[in-house]
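Accompanying notes for the structure given below.
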Amino acid sequence: MKKKVWLSIRGQQIIDNEKPEIVELLTEGELYNKNKSNYLLYKESEVSGMEGTTTTVKVDEDHVSIIRLGTTNSHLVFKKGQRKYNSYETPYGQLLLSIFTKDVDIKYNEDKEPVSIHLDYQLNIDGGHGTKNTLEIEVRQ
């Protein structure tokens, strides 16, 4: 059964130790459970630069996947201590991403639903310079 939820999403990116770039979004979404995984679903907006894209955050016991479909298409996997390679398709072309996840921290409520997700990772695009990133997602019902 899908539940309506409010998602507070805060992403931070640091390039070459410069001042952090921060994007914050408060949006309505849906939360549901399927095959022992929790899913958060929401529509991107102009704020994120991905208007026309639906984002699904799949929360498993030891990793998080972010799946985007629409004007931007990607499937990113975050598992602590692992490097994953992913394709990132934008309206301007396709990029190869390398993601090294430093930390994944998921907090749950008494119903075993995620209420807080923290990701800390390094991102490299097409083998170029890396960025340090964090992503915080708070879920409120």
### Query
So which residues in region 21-37 are closer than 20 Å to M50 by Cβ and either of a type in the set (S, T, N, Q) or open to solvent by 40 Å² or more (accessible area, probe 1.4 Å) (or both)?
E21, I22, V23, E24, L26, T27, E28, E30
### Task
Mind listing whichever residues of region 82-141 are touching a Phe, Trp or Tyr at 6+ places or on another chain (Cβ under 7 Å), over 26 Å from T71 (Cβ atoms) and aromatic (F, W, Y)?
F100
### Message
Cβ-Cβ distance below 6 Å, separation of 6 or more or different chains: which pairs start in region 1-23 with a residue that is without any contact (Cβ under 8 Å) to a residue 24 or more places away in the chain and farther than 20 Å from Y39 by Cβ and end on one that is open to solvent by 90 Å² or more (accessible area, probe 1.4 Å) and among the charged types (D, E, K, R)?
### Response
none
### Message
Being hydroxyl-bearing (S, T, Y) and modelled with pLDDT of 95 or more is the filter here; which residues of region 65-123 pass it?
### Response
S65, T101, Y108, S116, Y121
### Message
Residues that are closer than 23 Å to I22 by Cα and in contact (Cβ under 8 Å) with a residue 24 or more places away in the chain, at least 2 per element: which strands (runs of 3 or more DSSP E) completely within region 59-131 meet that?
### Response
63-70, 73-79, 93-108, 114-125
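Could you check, for region 133-141, whether at least one of its residues is more than 28 Å from N17 (Cβ to Cβ), loosely packed, with under 13 Cβ neighbours inside 10 Å and touching a residue at least 24 places away in the same chain (Cβ under 8 Å)?
Yes, that holds for at least one residue.
The values are calculated or read from the model by the stated rules, or taken from the named source; none is laboratory data. Keep in mind that this is a model prediction, so the values were computed, not measured. When we count neighbours, we look across all protein chains shown, and the Cβ atoms used for this are built from the backbone with ideal geometry, even at glycine. Only protein heavy atoms, including side chains, enter the accessible area calculation; ligands, DNA and RNA are left aside. Shrake-Rupley method; radii C 1.70, N 1.55, O 1.52, S 1.80 Å.
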